[in-house]
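Everything below concerns the one structure shown next.
The values are calculated or read from the model by the stated rules, or taken from the named source; none is laboratory data. Just so you know, these numbers come straight off a predicted model, no measurement behind them. Here Cβ is always computed from backbone atoms with ideal geometry, including for glycine, and neighbour counts include all displayed protein chains. Surface accessibility is based on the protein's heavy atoms, side chains included, excluding ligands, DNA and RNA. Shrake-Rupley method; radii C 1.70, N 1.55, O 1.52, S 1.80 Å.
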Amino acid sequence: MTGDAVSERRRPGGRSARVVAAVHQATLETLAEVGYAGLQLTDVADRAGVNKTTVYRRWSTKAALIGDILTRFARTNVATPDTGSLRGDLELLLSGIVEALGDRAIRAVVQAAVMVDVAEDDVRRARAAFWDERFLRSGVIVERAVARGELPSTTDVREFLETAASPLYFRILMTDDVADAAYVAAVAERTVRAFAGV
């Protein structure tokens with residue numbers, strides 16, 4: 001292996017990282033235009049300016065590519081606000097979801113994961129990993145609330161977060177209804193009251 005090759009492998013943001021970033025961006029743009037059904041890896045490669053064999057070597061199917069994007073999105077875009085109160089934290093968390101889904105490209109990739117046939121193993125695994133990662137990171141606000149005595153110690157973190165977030169995903173992805181600040185606040189209050197037993 002040459003010195004240049006070693007340097008390329010060790011340097012953060014090297015060629016591999018640039019390829020991944022370009023392909024991810026091209027995928028988001030293509031999804032926003034044609035949806036999952038129209039997504040083709042060859043089109044993504046052309047748009048990203050990389051060889052199609054490079055794309056197929058890293059992502060053998062478009063479902064695998066969507067899974068990779070979902071996983072990275074979950075790791076880098078989950079807020080864990082700390083306002084000092086569960087309701088305040090939850091409102092900010094939910095507002096972040098609304099903001100993210102307001103991005104056409106992000107909404108397209110989440111819709112792809114939701115709508116694709118669950119028989120596709122790659123999609124099913126990617127979807128599970130996406131939600132697991134989001135719940136793991138978002139769960140911090142519930143754990144803090146339990147420590148502050150705002151929620152019972154028996155509170156199921158995932159159940160709490162599912163109850164709070166599901167109305168937003170349904171409203172934005174399924175019915176295209178408005179999820180404004182007032183709606184977010186109402187969902188947050190309703191969820192907190194239900195789980196706090198007040």
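Just wondering, is there one or more residues in the range 152-170 that are of a type in the set (A, V, I, L, M, F, W, C), outside any helix (DSSP H, G or I) and out of contact with any Asp or Glu (no Cβ under 9 Å at 6 or more places or on another chain)? No, the range 152-170 contains no residue that is of a type in the set (A, V, I, L, M, F, W, C), outside any helix (DSSP H, G or I) and out of contact with any Asp or Glu (no Cβ under 9 Å at 6 or more places or on another chain). Is there a residue in the range 125-143 that is free of Cβ contacts under 8 Å to residues at least 24 places away in the same chain and either in contact with a strand residue (DSSP E or B) (Cβ under 8 Å, 6 or more places away or on another chain) or not in a helix (DSSP H, G or I) (or both)? Looking for residues that are free of Cβ contacts under 8 Å to residues at least 24 places away in the same chain and either in contact with a strand residue (DSSP E or B) (Cβ under 8 Å, 6 or more places away or on another chain) or not in a helix (DSSP H, G or I) (or both), one finds none in the range 125-143, hence no. Of everything listed in (1) in a helix (DSSP H, G or I); (2) of a type in the set (Val, Ile, Thr); (3) modelled with pLDDT of 95 or more, the single unmet condition for residue 114 is (3). Condition check for residue 75 on (1) surrounded by 14 or more Cβ atoms within 10 Å (Cβ to Cβ); (2) assigned to a helix (DSSP H, G or I): one failure, at (1). Summed over the range 169-185, the residues that are touching a helix residue (DSSP H, G or I) at 6+ places or on another chain (Cβ under 9 Å), of a type in the set (A, V, I, L, M, F, W, C) and loosely packed, with under 12 Cβ neighbours inside 10 Å give a count of 3. A single entry from 90, 70 fulfils the requirement of being in a helix (DSSP H, G or I) and modelled with pLDDT of 85 or more: 90.
When the range 78-87 is filtered for residues that are at pLDDT 85 or above and in a loop (DSSP other than H, G, I, E, B), the ones remaining, listed by number, are 81, 82, 83, 84, 85. So how many residues does the range 169-185 have that are modelled with pLDDT of 95 or more and of a type in the set (A, V, I, L, M)? Of the residues in the range 169-185, 4 are modelled with pLDDT of 95 or more and of a type in the set (A, V, I, L, M).
Residue-wise test of (1) buried (at least 16 other Cβ atoms within 10 Å of the Cβ); (2) among the β-branched types (Val, Ile, Thr); (3) under 30 Å from residue 146 (Cα atoms); (4) modelled with pLDDT of 90 or more.
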site	(1), (2), (3), (4)
26	yes, no, no, yes
50	yes, yes, no, yes
94	yes, no, yes, yes
107	yes, no, no, no
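What residue, of 134, 124, 158, is at pLDDT 80 or above and open to solvent by 70 Å² or more (accessible area, probe 1.4 Å)?
158
For residue 130, the requirement of being under 18 Å from residue 70 (Cβ atoms), of a type outside the set (A, V, I, L, M) and touching a Lys or Arg at 6+ places or on another chain (Cβ under 6 Å) is not met. Within the range 34-47, the set of residues being open to solvent by 40 Å² or more (accessible area, probe 1.4 Å) and over 13 Å from residue 111 (Cα atoms) comprises 40, 42, 43, 46, 47.
Taken as a whole, the structure places residue 189 among residues that are out of contact with any Ser or Thr (no Cβ under 9 Å at 6 or more places or on another chain), over 28 Å from residue 35 (Cβ atoms), in contact (Cβ under 8 Å) with a residue 60 or more places away in the chain and open to solvent by 30 Å² or more (accessible area, probe 1.4 Å).
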